[in-house]
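Reviewing the structure listed below.
The values are calculated or read from the model by the stated rules, or taken from the named source; none is laboratory data. Just so we're clear, the structure is a prediction, and the values are computed from it rather than from any experiment. Note that each Cβ is placed from the backbone with ideal geometry, even for glycine, and that neighbours are counted across all protein chains shown.
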Amino acid sequence: MDYKSFIREVPDFPKPGILFYDITTLLKEPICLRAIIDDLVQKYQGTGISKVVGIESRGFILGSPLAYHLNAGFVPVRKPGKLPADVFEVKYHLEYGSNSLAIHRDAIQEGESVLIVDDLLATGGTASATVHLIQQLGGEIAGVGFLVELSGLDGRKKLNGCAIHSLITYA
């Protein structure tokens with residue numbers, strides 16, 4: 001399926017000079033949403049994944065149905081202050097500042113096979129921070145899956161050693 005034809009391109013958002021790829025126009029189409037999940041299931045089915053980790057917030061959209069179809073648990077990685085129990089937290093740097101992500105300390109067991117999913121791989125900071133969280137808990141990274149990858153931003157470099165799969169790539 002030509003996913004790109006369903007994505008709205010918004011110039012100068014969130015600031016001048018940025019071309020934003022709006023996936024909401026893709027996700028609202030039932031045939032597209034089903035195809036995205038089916039493509040991801042096909043990629044990871046039978047690989048022994050026990051947990052799917054979705055990165056806040058759009059990773060939840062992909063992660064939950066993917067976990068369901070893989071017969072795996074779903075674990076949210078959230079911004080600070082959003083999880084109610086004891087957490088591991090990691091700070092990471094963005095282009096213009098920093099941010100943090102958190103995961104419950106009991107979300108992943110030692111040696112569990114974990115798939116991380118998110119909507120976008122850009123500079124790789126958020127995904128790299130999530131990999132670090134999973135490794136702190138003793139999880140094994142089975143892969144990192146994305147709906148969209150902006151390959152010109154070299155996010156893969158921050159995920160070296162991880163098996164990366166992107167459904168859509170923009171240069």
> If you go through region 44-63 one residue at a time, do you hit one that is in contact with a Leu (Cβ under 9 Å, 6 or more places away or on another chain), more than 25 Å from Ala142 (Cβ to Cβ) and part of a helix (DSSP H, G or I)?
Replying inline: no
>> Cβ-Cβ under 9 Å, sequence separation 6+ or interchain: first residue in region 143-171 and closer than 15 Å to Val53 by Cα, partner among the β-branched types (Val, Ile, Thr) and assigned to a helix (DSSP H, G or I). Which pairs?
In response: Val144/Thr130; Val144/Val131; Leu147/Ile36; Leu147/Ile61; Cys162/Val131
>> Pairs please, first residue from region 22-40 and over 16 Å from Ser64 (Cα atoms) and at pLDDT 95 or above, second anywhere and of a type in the set (Phe, Trp, Tyr) and not in a helix (DSSP H, G or I), Cβ atoms under 9 Å, 6+ apart in sequence or on different chains.
In response: Asp22/Phe13
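Just checking, how many residues over region 80-99 are over 17 Å from Gln135 (Cα atoms) and surrounded by 14 or more Cβ atoms within 10 Å (Cβ to Cβ)?
The qualifying residues number 2.
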> What tally of residues in region 1-16 results from selecting those that are modelled with pLDDT of 95 or more and closer than 19 Å to Ala122 by Cα?
Replying inline: 10
> Based on what the data block shows, is Tyr96 within 22 Å of Gly125 (Cβ to Cβ) and under 16 Å from the mean Cα position of the chain (by Cα)?
Replying inline: no
